[in-house]
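Worksheet: one structure, shown below.
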Amino acid sequence: MISRDTIMVYVVSAIVFLSIVVYLYYRNIYSFWRKMGVFNIEPEFFFGNAKDRVLFRKSFHEFHRDIYFKFKGHRYAGFYVGRRASLVILDPEIIKCIMIKDFNHFTDRQTMRLRTSKYITEMLINLKGSKWKKMRSQLTPSFTSGKLRTMEHLIDICCNNMSDFLNDNIKKNGFKPYELEMKDFFGKFTLDVIATCAFGVESNSLTDVTGGFASRVSKFATLSITKRLSLYIIILFLPGLARFVPLSFFNMKVIYFLANVIKEAKSYRMSTGQKRNDFLQLLLDSESNPDNKNENKQNEDSLTEPQIVAQSVLFLIAGFETSSTLLTFTCYELAINQEIQIKLREEICSILDRYNGKCTYEAMQEMTFLDMVLGETLRMHPPVAQLERVCTQDYMIPDSNLILQKGTAVQIPVIGLHYDPEYYPDPYKFDPNRFSAEEKASRHHYVYLPFGTGPRNCIGLRFALMSTKRGMVHLLKNFSIELSNRTTVPYIYSKHSMFLKAQNGIWLSFNKLNTS
């Protein structure tokens with residue numbers, strides 16, 4: 001019979017042996033960039049270079065901004081997220097090659113192969129190669145100038161509803177400034193715009209006292225601590241298990257809720273024969289018909305119901321996050337910088353006067369200072385902190401001897417580029433003049449990437465900007481935007497979100513202008 005002491009010796013020996021094996025394994029992994037002759041910061045065991053992010057010591061934006069400046073002075077640098085090696089690109093010329101010139105070598109985004117719903121895996125952002133290219137080409141017609149112009153009156157209805165909401169609450173407040181949390185307020189407005197323009201659904205989020213629809217959608221990326229921790233463990237230490245574990249970066253309750261909303265809208269149109277000139281109709285017109293015996297073209301171009309629902313859900317949540325964030329931080333900066341707010345209001349009112357008070361397409365095109373204000377907001381407060389691409393073919397980095405192997409991830413630190421004083425002097429100052437035609441022409445084009453660039457840029461970019469601009473016009477011609485007692489300046493980044501969020505929200509007040 002084996003004694004307890006002998007068993008303990010075996011156990012301790014096994015632990016020591018496994019520890020040595022794991023140590024040697026990670027030491028070999030963390031020598032990857034050094035062997036390639038690429039500058040990198042010494043990684044930490046298990047975490048790589050991502051410890052501050054994994055332990056929520058820094059927000060996503062702060063983390064990637066700090067990484068950029070640690071690597072500043074190098075055209076590119078090696079980086080580790082857990083076991084995964086990626087190349088951080090700092091040189092705008094290399095960024096141009098990756099995103100545009102040599103895009104055929106970087107067609108895919110970095111994605112985790114999680115075992116999750118088709119409503120997630122079939123989203124455009126998760127598709128790769130020819131499958132992505134086909135879906136992108138099918139969705140693009142929804143965002144042409146002609147299609148967007150047909151939505152102007154629908155957006156204006158939502159804008160008028162937003163103005164009415166503020167007027168009513170200012171009146172109830174005794175005509176004193178009415179205080180609101182901006183992300184919540186603009187999230188509801190944005191949902192109304194998207195639901196109306198893209199799906200023909202009236203969500204009435206601003207006037208819904210229960211806040212049901214908007215409240216649910218706003219939680220699309222809210223995960224429990226257990227699920228969040230499980231995702232990080234898999235990403236960092238056990239990526240091979242990802243395809244077997246039923247986890248997602250999205251809150252699946254929200255995804256299924258939105259899927260049902262889309263299905264109901266689809267079912268209503270199919271049963272009534274109603275057709276609309278919108279995003280959902282484009283998808284429905286491409287839907288496969290299982291009863292159609294002539295499958296020649298159907299097999300090539302048709303979409304399945306999961307594909308239709310996936311793109312619709314993506315459009316809802318991506319549009320919600322992007323537009324509401326831009327509106328939130330534009331108002332935040334205008335409340336702080338009152339002289340800029342006054343100048344912008346003067347431009348808006350002057351141009352509207354020339355168009356009999358109507359917010360026409362032509363009037364919007366003349367509002368160049370509004371474009372400059374939004375441009376500077378997106379520089380300082382980009383919705384995402386970094387972009388990722390995957391090398392799909394072996395690639396030699398221009399003007400170097402470095403060959404990236406197929407499957408290697410590259411990161412473009414958007415937030416770092418946007419705060420680099422080499423490109424933007426005094427980067428923490430809000431200065432819309434940086435986006436005058438002259439200033440933009442004098443600056444490298446690829447140091448400003450709030451929506452990405454190239455074939456895989458944000459497909460809904462033009463829709464997001466159009467709805468944001470019209471929203472700002474309606475607000476500024478009717479209301480002044482002011483700081484409130486609950487405004488935090490500067491705001492504190494939320495450390496628990498991949499997206500741009502303020503820890504305590506962005507609280508501002510609206511006051512009715514005397515337009516008589």
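Before moving on, here are some points about what is shown:
- Applying the condition of being small (Gly, Ala, Ser) and more than 18 Å from the chain's Cα centre (by Cα) to the stretch 465-497 and asking which residue is surrounded by the most Cβ atoms within 10 Å (Cβ to Cβ) yields GLY471.
- Criterion: in contact with a Gly (Cβ under 8 Å, 6 or more places away or on another chain) and β-branched (Val, Ile, Thr) - qualifying residue of ILE67, ILE15: ILE67
To keep it simple, each residue is scored yes or no on (1) among the polar types (S, T, N, Q); (2) in contact with a Lys or Arg (Cβ under 7 Å, 6 or more places away or on another chain); (3) in contact (Cβ under 8 Å) with a residue 24 or more places away in the chain.
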residue: THR150; (1), (2), (3): yes, no, yes
residue: ASP184; (1), (2), (3): no, no, yes
residue: LEU191; (1), (2), (3): no, no, yes
residue: ALA198; (1), (2), (3): no, no, yes
residue: SER203; (1), (2), (3): yes, no, no
residue: THR207; (1), (2), (3): yes, no, yes
residue: SER215; (1), (2), (3): yes, no, no
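- Any hit, the stretch 402-415, residues being in contact with a Pro (Cβ under 8 Å, 6 or more places away or on another chain) and either at pLDDT below 95 or of a type in the set (A, V, I, L, M) (or both): yes
- Scanning the stretch 329-347 turns up no residue that is in contact with a helix residue (DSSP H, G or I) (Cβ under 8 Å, 6 or more places away or on another chain), in contact (Cβ under 8 Å) with a residue 12 or more places away in the chain and over 20 Å from GLU482 (Cβ atoms).
- Check on PHE143, at pLDDT 90 or above and either buried (at least 17 other Cβ atoms within 10 Å of the Cβ) or not charged (D, E, K, R) (or both): no
- Residue among LEU206, LEU247 that is in a loop (DSSP other than H, G, I, E, B), modelled with pLDDT under 70 and of a type outside the set (Gly, Ala, Ser): LEU247
- Per-region count, the stretch 442-464, residues crowded, with 20+ Cβ neighbours inside 10 Å and either at pLDDT 95 or above or part of a helix (DSSP H, G or I) (or both): 6
- Identity of the residue in the stretch 324-336, out of contact with any Pro (no Cβ under 9 Å at 6 or more places or on another chain) and among the polar types (S, T, N, Q), that ends up farthest from TYR119 (Cα to Cα): THR330
- From GLU152, GLU179, GLU202, residue being touching a strand residue (DSSP E or B) at 6+ places or on another chain (Cβ under 6 Å), surrounded by fewer than 21 Cβ atoms within 10 Å (Cβ to Cβ) and of a type in the set (D, E, K, R): GLU179
- Tally of residues being in a helix (DSSP H, G or I) and surrounded by fewer than 18 Cβ atoms within 10 Å (Cβ to Cβ) across the stretch 166-176: 5
- Breaking point among (1) at pLDDT below 90; (2) surrounded by 16 or more Cβ atoms within 10 Å (Cβ to Cβ); (3) charged (D, E, K, R), for LYS118: (2)
- Of the helices (runs of 4 or more DSSP H) that lie entirely inside the stretch 318-424, not one contains 2 or more residues that are among the small types (Gly, Ala, Ser), surrounded by fewer than 20 Cβ atoms within 10 Å (Cβ to Cβ) and out of contact with any His (no Cβ under 8 Å at 6 or more places or on another chain).
The values are calculated or read from the model by the stated rules, or taken from the named source; none is laboratory data. Because the structure is a prediction, the values reported are computed rather than measured. We place every Cβ from the backbone using ideal geometry, glycine too, and count neighbours over all the protein chains shown.
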